[in-house]
Amino acid sequence: MSETVGFVGLGNMGGPMSARLVRAGFRVNGFDPAADARDALTEAGGTAVPKLAGAVAGAATVVLMLPNSDIVSATVRDEGFVAGPGTVVVDMSSSEPLRTRELAAELKERGVTLLDAPVSGGVTRARAGTLTIMTGGDPTDLARVSPVLSAMGTTTRAGDVGSGHAVKALNNLLSATHLLVTSEAMLAGEKFGLDPEVMLEIFNRSSGRSGSTENKWPDFILPGTFDSGFGLRLMLKDMGIAVGLAEQVGTPDPLGRAATELWARAAEVLEAGADHTEIVNWLRKDQTR
Ligand code: NAD
(Lines give C-alpha, C1' and ligand atoms only; values in the text may rest on other atoms or scores of the structure.)
Protein backbone atom coordinates (compact mmCIF):
# COMPACT_ATOMS: atom_id res chain seq x y z
CA MET A 1 0.00 0.00 0.00
CA SER A 2 1.29 3.46 -0.82
CA GLU A 3 2.39 5.77 1.97
CA THR A 4 -0.07 8.37 3.25
CA VAL A 5 1.17 11.94 3.38
CA GLY A 6 -0.74 14.66 5.23
CA PHE A 7 -0.52 18.05 3.50
CA VAL A 8 -1.49 21.27 5.29
CA GLY A 9 -1.71 24.48 3.24
CA LEU A 10 -2.85 23.98 -0.35
CA GLY A 11 -2.24 27.50 -1.68
CA ASN A 12 -0.21 28.75 -4.65
CA MET A 13 2.66 26.43 -3.75
CA GLY A 14 1.03 23.71 -1.64
CA GLY A 15 -1.56 23.09 -4.39
CA PRO A 16 0.86 22.05 -7.13
CA MET A 17 3.28 20.42 -4.64
CA SER A 18 0.55 18.15 -3.25
CA ALA A 19 -0.52 17.34 -6.82
CA ARG A 20 3.05 16.17 -7.55
CA LEU A 21 2.86 13.84 -4.55
CA VAL A 22 -0.38 12.36 -5.89
CA ARG A 23 1.26 11.85 -9.28
CA ALA A 24 4.21 10.11 -7.60
CA GLY A 25 1.82 7.56 -6.07
CA PHE A 26 1.38 8.89 -2.50
CA ARG A 27 -2.04 8.94 -0.87
CA VAL A 28 -2.43 12.60 0.00
CA ASN A 29 -4.83 13.84 2.67
CA GLY A 30 -4.81 17.61 2.35
CA PHE A 31 -6.29 20.39 4.47
CA ASP A 32 -6.74 24.08 3.78
CA PRO A 33 -9.46 26.37 5.15
CA ALA A 34 -10.05 27.66 1.59
CA ALA A 35 -12.63 25.53 -0.23
CA ASP A 36 -11.22 26.24 -3.70
CA ALA A 37 -7.79 25.01 -2.57
CA ARG A 38 -9.39 21.77 -1.28
CA ASP A 39 -11.32 21.36 -4.55
CA ALA A 40 -8.09 21.63 -6.54
CA LEU A 41 -6.56 18.76 -4.54
CA THR A 42 -9.64 16.60 -5.16
CA GLU A 43 -9.36 17.35 -8.87
CA ALA A 44 -5.71 16.34 -8.78
CA GLY A 45 -6.67 12.95 -7.31
CA GLY A 46 -5.93 13.57 -3.64
CA THR A 47 -8.30 13.50 -0.67
CA ALA A 48 -9.31 16.90 0.64
CA VAL A 49 -10.33 16.81 4.29
CA PRO A 50 -12.48 19.47 5.98
CA LYS A 51 -10.44 19.57 9.20
CA LEU A 52 -6.77 19.62 10.16
CA ALA A 53 -7.17 16.37 12.15
CA GLY A 54 -8.07 14.50 8.97
CA ALA A 55 -4.75 15.42 7.33
CA VAL A 56 -2.66 14.40 10.33
CA ALA A 57 -4.33 11.14 11.40
CA GLY A 58 -2.63 8.07 9.97
CA ALA A 59 0.08 9.99 8.11
CA ALA A 60 3.69 9.01 8.71
CA THR A 61 4.78 12.27 7.10
CA VAL A 62 2.97 15.59 7.41
CA VAL A 63 4.02 18.41 5.09
CA LEU A 64 3.27 22.02 6.04
CA MET A 65 3.18 24.72 3.33
CA LEU A 66 1.85 27.68 5.28
CA PRO A 67 2.33 31.46 5.12
CA ASN A 68 4.54 31.99 8.18
CA SER A 69 5.89 30.75 11.54
CA ASP A 70 2.89 32.05 13.50
CA ILE A 71 0.56 29.83 11.47
CA VAL A 72 2.98 26.88 11.54
CA SER A 73 3.21 27.06 15.35
CA ALA A 74 -0.55 27.42 15.76
CA THR A 75 -1.09 24.45 13.45
CA VAL A 76 1.17 21.99 15.27
CA ARG A 77 -0.20 23.19 18.63
CA ASP A 78 -3.82 22.83 17.47
CA GLU A 79 -5.82 20.17 19.30
CA GLY A 80 -6.58 18.58 15.92
CA PHE A 81 -2.89 17.99 15.28
CA VAL A 82 -2.66 14.53 16.79
CA ALA A 83 0.46 12.98 15.31
CA GLY A 84 1.44 9.48 16.31
CA PRO A 85 4.91 8.85 17.75
CA GLY A 86 7.47 8.58 14.96
CA THR A 87 5.62 11.00 12.72
CA VAL A 88 7.88 13.31 10.74
CA VAL A 89 6.58 16.83 10.17
CA VAL A 90 8.26 18.63 7.29
CA ASP A 91 7.85 22.40 7.34
CA MET A 92 8.30 23.46 3.71
CA SER A 93 7.02 26.98 4.40
CA SER A 94 9.50 29.87 4.57
CA SER A 95 9.57 30.08 8.36
CA GLU A 96 11.80 31.70 10.98
CA PRO A 97 14.85 29.49 11.70
CA LEU A 98 15.06 30.09 15.46
CA ARG A 99 11.35 29.46 15.93
CA THR A 100 11.74 26.27 13.89
CA ARG A 101 14.43 25.09 16.31
CA GLU A 102 12.20 25.85 19.29
CA LEU A 103 9.28 24.07 17.70
CA ALA A 104 11.45 21.04 16.88
CA ALA A 105 12.40 20.74 20.56
CA GLU A 106 8.77 21.08 21.60
CA LEU A 107 7.61 18.40 19.15
CA LYS A 108 10.42 16.07 20.16
CA GLU A 109 8.80 15.85 23.59
CA ARG A 110 5.68 14.54 21.83
CA GLY A 111 7.76 11.93 19.95
CA VAL A 112 7.42 13.87 16.70
CA THR A 113 10.35 14.93 14.52
CA LEU A 114 10.31 18.34 12.84
CA LEU A 115 12.42 18.94 9.74
CA ASP A 116 12.59 22.09 7.64
CA ALA A 117 12.58 21.92 3.86
CA PRO A 118 11.70 25.30 2.33
CA VAL A 119 11.78 25.70 -1.42
CA SER A 120 12.79 28.00 -4.24
CA GLY A 121 11.52 27.97 -7.81
CA GLY A 122 8.04 29.43 -7.49
CA VAL A 123 4.76 28.12 -8.79
CA THR A 124 6.19 27.16 -12.20
CA ARG A 125 8.73 24.76 -10.75
CA ALA A 126 6.29 23.55 -8.08
CA ARG A 127 4.02 22.42 -10.95
CA ALA A 128 6.94 20.73 -12.71
CA GLY A 129 8.19 18.99 -9.54
CA THR A 130 11.59 20.64 -10.00
CA LEU A 131 11.82 22.85 -6.91
CA THR A 132 15.10 23.54 -5.16
CA ILE A 133 14.56 22.12 -1.66
CA MET A 134 16.91 23.19 1.14
CA THR A 135 16.69 20.96 4.17
CA GLY A 136 17.54 21.13 7.83
CA GLY A 137 17.63 18.20 10.21
CA ASP A 138 19.25 14.94 11.10
CA PRO A 139 20.46 13.09 7.95
CA THR A 140 18.72 9.85 9.00
CA ASP A 141 15.38 11.61 9.47
CA LEU A 142 15.86 13.41 6.17
CA ALA A 143 16.58 10.10 4.42
CA ARG A 144 13.21 8.83 5.67
CA VAL A 145 11.31 11.59 3.92
CA SER A 146 13.54 11.67 0.87
CA PRO A 147 11.01 9.86 -1.42
CA VAL A 148 8.40 12.48 -0.49
CA LEU A 149 10.76 15.40 -1.11
CA SER A 150 12.15 14.03 -4.37
CA ALA A 151 8.62 13.94 -5.81
CA MET A 152 8.65 17.73 -5.49
CA GLY A 153 12.21 18.68 -6.40
CA THR A 154 15.91 18.33 -5.75
CA THR A 155 17.20 18.41 -2.21
CA THR A 156 20.33 19.86 -0.65
CA ARG A 157 20.92 19.53 3.09
CA ALA A 158 21.87 22.89 4.59
CA GLY A 159 22.59 21.62 8.11
CA ASP A 160 20.76 21.00 11.38
CA VAL A 161 17.10 21.77 11.87
CA GLY A 162 16.39 25.45 11.08
CA SER A 163 19.26 25.69 8.57
CA GLY A 164 16.99 25.30 5.57
CA HIS A 165 14.85 28.17 6.83
CA ALA A 166 17.94 30.32 7.40
CA VAL A 167 19.32 29.85 3.89
CA LYS A 168 15.87 30.30 2.35
CA ALA A 169 15.43 33.71 3.97
CA LEU A 170 18.93 34.75 2.91
CA ASN A 171 18.20 33.59 -0.64
CA ASN A 172 15.08 35.75 -0.76
CA LEU A 173 16.96 38.77 0.57
CA LEU A 174 19.24 38.37 -2.47
CA SER A 175 16.30 37.81 -4.80
CA ALA A 176 14.31 40.83 -3.57
CA THR A 177 17.31 43.13 -3.55
CA HIS A 178 18.35 42.28 -7.11
CA LEU A 179 14.75 42.52 -8.32
CA LEU A 180 14.58 46.07 -6.96
CA VAL A 181 17.87 47.22 -8.44
CA THR A 182 17.13 45.44 -11.73
CA SER A 183 13.86 47.35 -11.86
CA GLU A 184 15.70 50.65 -11.21
CA ALA A 185 18.10 49.86 -14.04
CA MET A 186 15.31 48.84 -16.41
CA LEU A 187 13.31 52.03 -15.74
CA ALA A 188 16.39 54.22 -16.23
CA GLY A 189 17.29 52.42 -19.46
CA GLU A 190 13.73 52.66 -20.80
CA LYS A 191 13.58 56.40 -20.06
CA PHE A 192 16.90 56.81 -21.84
CA GLY A 193 15.30 55.20 -24.88
CA LEU A 194 16.65 51.66 -24.68
CA ASP A 195 14.51 48.70 -25.72
CA PRO A 196 13.75 46.65 -22.58
CA GLU A 197 14.02 43.34 -24.41
CA VAL A 198 17.41 44.29 -25.79
CA MET A 199 18.54 45.39 -22.32
CA LEU A 200 17.52 42.03 -20.84
CA GLU A 201 19.26 40.16 -23.67
CA ILE A 202 22.48 42.06 -22.95
CA PHE A 203 22.23 41.77 -19.15
CA ASN A 204 21.63 38.05 -19.49
CA ARG A 205 24.89 37.66 -21.37
CA SER A 206 26.73 39.95 -18.94
CA SER A 207 27.61 40.23 -15.29
CA GLY A 208 24.33 41.93 -14.35
CA ARG A 209 22.28 38.78 -14.90
CA SER A 210 20.24 37.19 -12.14
CA GLY A 211 16.92 35.44 -11.61
CA SER A 212 15.38 38.90 -11.96
CA THR A 213 16.78 39.44 -15.46
CA GLU A 214 16.43 35.80 -16.54
CA ASN A 215 12.92 35.07 -15.21
CA LYS A 216 11.05 37.74 -13.34
CA TRP A 217 11.37 40.62 -15.78
CA PRO A 218 10.86 38.61 -19.00
CA ASP A 219 8.13 36.29 -17.63
CA PHE A 220 6.00 38.50 -15.38
CA ILE A 221 6.95 42.20 -15.68
CA LEU A 222 7.50 42.87 -19.40
CA PRO A 223 4.28 41.03 -20.38
CA GLY A 224 2.49 43.03 -17.64
CA THR A 225 0.89 39.93 -16.09
CA PHE A 226 2.45 40.21 -12.59
CA ASP A 227 1.30 36.67 -11.91
CA SER A 228 4.35 34.88 -10.49
CA GLY A 229 2.15 33.58 -7.65
CA PHE A 230 4.48 34.83 -4.91
CA GLY A 231 2.98 37.63 -2.85
CA LEU A 232 4.87 40.85 -2.14
CA ARG A 233 4.14 40.59 1.56
CA LEU A 234 5.49 37.03 1.71
CA MET A 235 8.71 38.33 0.16
CA LEU A 236 8.86 41.13 2.72
CA LYS A 237 8.36 38.56 5.52
CA ASP A 238 11.39 36.61 4.22
CA MET A 239 13.54 39.76 4.00
CA GLY A 240 12.63 40.56 7.61
CA ILE A 241 13.73 37.07 8.66
CA ALA A 242 17.05 37.48 6.82
CA VAL A 243 17.95 40.90 8.26
CA GLY A 244 16.82 39.67 11.68
CA LEU A 245 19.24 36.78 11.31
CA ALA A 246 22.10 39.14 10.38
CA GLU A 247 21.27 41.20 13.45
CA GLN A 248 21.21 38.14 15.70
CA VAL A 249 24.61 36.93 14.51
CA GLY A 250 26.02 40.47 14.34
CA THR A 251 27.05 40.74 10.67
CA PRO A 252 26.77 43.95 8.61
CA ASP A 253 23.66 44.32 6.45
CA PRO A 254 23.27 47.98 5.42
CA LEU A 255 22.05 47.14 1.91
CA GLY A 256 19.72 44.37 3.06
CA ARG A 257 18.13 46.66 5.63
CA ALA A 258 17.75 49.49 3.10
CA ALA A 259 16.14 47.11 0.59
CA THR A 260 13.80 45.76 3.27
CA GLU A 261 12.72 49.31 4.19
CA LEU A 262 11.96 50.05 0.53
CA TRP A 263 9.94 46.85 0.13
CA ALA A 264 8.07 47.71 3.34
CA ARG A 265 7.14 51.10 1.84
CA ALA A 266 5.88 49.33 -1.28
CA ALA A 267 3.79 46.99 0.88
CA GLU A 268 2.09 50.00 2.48
CA VAL A 269 1.02 51.35 -0.91
CA LEU A 270 0.23 48.30 -3.06
CA GLU A 271 -3.03 46.37 -2.69
CA ALA A 272 -3.21 43.51 -0.20
CA GLY A 273 -2.77 40.61 -2.63
CA ALA A 274 -0.06 42.26 -4.78
CA ASP A 275 2.39 39.94 -6.47
CA HIS A 276 6.02 40.57 -5.53
CA THR A 277 6.85 41.47 -9.16
CA GLU A 278 4.64 44.56 -8.70
CA ILE A 279 7.54 46.15 -6.83
CA VAL A 280 8.31 47.81 -10.19
CA ASN A 281 4.87 49.48 -10.19
CA TRP A 282 5.60 50.97 -6.80
CA LEU A 283 8.97 52.14 -8.09
CA ARG A 284 7.30 53.79 -11.09
CA LYS A 285 5.16 55.80 -8.66
CA ASP A 286 7.95 56.45 -6.16
CA GLN A 287 7.88 60.05 -5.05
CA THR A 288 11.37 60.21 -3.56
CA ARG A 289 12.58 62.16 -6.59
P1 NAD B 1 -0.55 31.14 -0.31
O2 NAD B 1 -1.05 32.30 0.46
O3 NAD B 1 -0.92 31.02 -1.75
O4 NAD B 1 -0.99 29.77 0.40
C5 NAD B 1 -1.04 29.58 1.77
C6 NAD B 1 -2.22 28.66 2.05
O7 NAD B 1 -2.25 28.36 3.44
C8 NAD B 1 -3.57 29.30 1.69
O9 NAD B 1 -4.28 28.45 0.81
C10 NAD B 1 -4.27 29.44 3.03
O11 NAD B 1 -5.68 29.25 2.95
C12 NAD B 1 -3.59 28.32 3.80
N13 NAD B 1 -3.71 28.47 5.24
C14 NAD B 1 -3.67 29.61 5.97
N15 NAD B 1 -3.81 29.32 7.28
C16 NAD B 1 -3.97 27.98 7.36
C17 NAD B 1 -4.14 27.09 8.43
N18 NAD B 1 -4.21 27.51 9.68
N19 NAD B 1 -4.25 25.76 8.15
C20 NAD B 1 -4.19 25.31 6.89
N21 NAD B 1 -3.99 26.12 5.83
C22 NAD B 1 -3.89 27.43 6.06
O23 NAD B 1 1.02 31.14 -0.11
P24 NAD B 1 2.11 30.38 -1.00
O25 NAD B 1 2.59 31.31 -2.05
O26 NAD B 1 1.62 29.02 -1.35
O27 NAD B 1 3.29 30.29 0.08
C28 NAD B 1 3.31 29.29 1.09
C29 NAD B 1 4.70 29.34 1.74
O30 NAD B 1 5.68 29.07 0.76
C31 NAD B 1 5.05 30.70 2.34
O32 NAD B 1 5.79 30.50 3.52
C33 NAD B 1 5.90 31.35 1.25
O34 NAD B 1 6.76 32.32 1.78
C35 NAD B 1 6.60 30.15 0.68
N36 NAD B 1 7.05 30.22 -0.72
C37 NAD B 1 6.23 30.72 -1.69
C38 NAD B 1 6.68 30.73 -3.02
C39 NAD B 1 5.83 31.23 -4.15
O40 NAD B 1 6.38 31.43 -5.26
N41 NAD B 1 4.54 31.45 -3.97
C42 NAD B 1 7.96 30.24 -3.33
C43 NAD B 1 8.75 29.71 -2.31
C44 NAD B 1 8.29 29.71 -1.00
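For the chain, what does the convex hull of the Cα positions come to per residue, in cubic angstrom?
So the per-residue Cα hull volume is 135 Å³.
Report, in degrees rounded to the nearest 10, the 0 to 90 angle that the Cα long axis of helix 139-150 makes with the longest principal axis of the chain.
For 139-150 against the chain, the angle is about 70 degrees.
So how tilted is helix 254-269 from the main axis of the chain? Cα-based, degrees 0 to 90, rounded to 10.
Roughly 90 degrees between the two axes.
Using the heavy atoms of the protein chains and a 1.4 angstrom probe, tell me the accessible area per residue for the chain in square angstrom.
Accessible area per residue, the chain: 47 Å².
Please compute the contact order of segment 220-289 in relative form: average sequence separation of alpha-carbon pairs under 8 Å and at least six residues apart, divided by the residue count, as a percent.
RCO, segment 220-289: 49 percent.
Which value results for Rg/Rh of segment 4-159 when Rg is the Cα radius of gyration and Rh the Kirkwood radius based on the inverse mean 1/r?
Reported Rg/Rh, Kirkwood definition of Rh: 0.92.
Let me check something: with ligands and nucleic acids excluded, how do 65, 152 order by accessible area (1.4 Å probe), largest to smallest?
Largest accessible area first, the list is 65, 152.
Mind checking which of 14, 231, 193 has the largest fluctuation in a GNM of the chain, springs on alpha carbons under 10 Å?
193
How many angstrom lie between the Cα centre of segment 200-228 and the Cα centre of segment 93-161?
If you average the Cα positions of each part, the centres end up 29 Å apart.
Please find the FRET efficiency linking residue 174 to residue 34, where r is the Cβ-Cβ separation and R0 is fixed at 35 Å, and quote it to the nearest 0.05.
0.70
Using the structure shown, list the pairs from 168/191; 108/216; 191/216 with a Cα-Cα distance above 31 Å, or answer none.
Among 168/191; 108/216; 191/216, the Cα-Cα distance tops 31 Å for 168/191; 108/216.
For residue 20, what charge total do you get from the other residues with a beta carbon under 13 Å from its beta carbon, if Lys and Arg give +1 and Asp and Glu give -1?
Neighbour charge sum, excluding residue 20 itself: +3.
How large is log10 of I(q)/I(0) for segment 216-289 at q = 0.13, 0.23, 0.25, 0.27 Å⁻¹ when the intensity is taken from the Debye formula with one equal scatterer per alpha-carbon?
Treating every Cα as an identical point scatterer, log10 I(q)/I(0) equals -0.42, -1.03, -1.12, -1.20.
With the crude spin-label approximation of a point 7 Å out along Cα→Cβ, what separation in nm comes out for residue 198 versus residue 42?
5.4 nm
When every alpha-carbon pair in segment 166-284 is counted, what percent end up more than 18 Å apart?
Everything past 18 Å amounts to 50 percent.
What angle, in degrees between 0 and 90 and rounded to the nearest 10, separates the Cα long axis of helix 163-192 from the longest principal axis of the Cα atoms of the chain?
Helix 163-192 sits roughly 20 degrees off the main axis of the chain.
At a 1.4 Å probe radius, which order do 203, 220 fall into by accessible area, largest first?
203, 220
The values are calculated or read from the model by the stated rules, or taken from the named source; none is laboratory data. Quick caveat, the model's predicted, so the values are computed rather than measured. Quick reminder, even Gly has a Cβ in these numbers, built from the backbone with ideal geometry, and neighbours come from all protein chains shown. When the accessible area is computed, the model is the full protein with side chains, heavy atoms only, and any ligands, DNA or RNA have been set aside. Shrake-Rupley method; radii C 1.70, N 1.55, O 1.52, S 1.80 Å.
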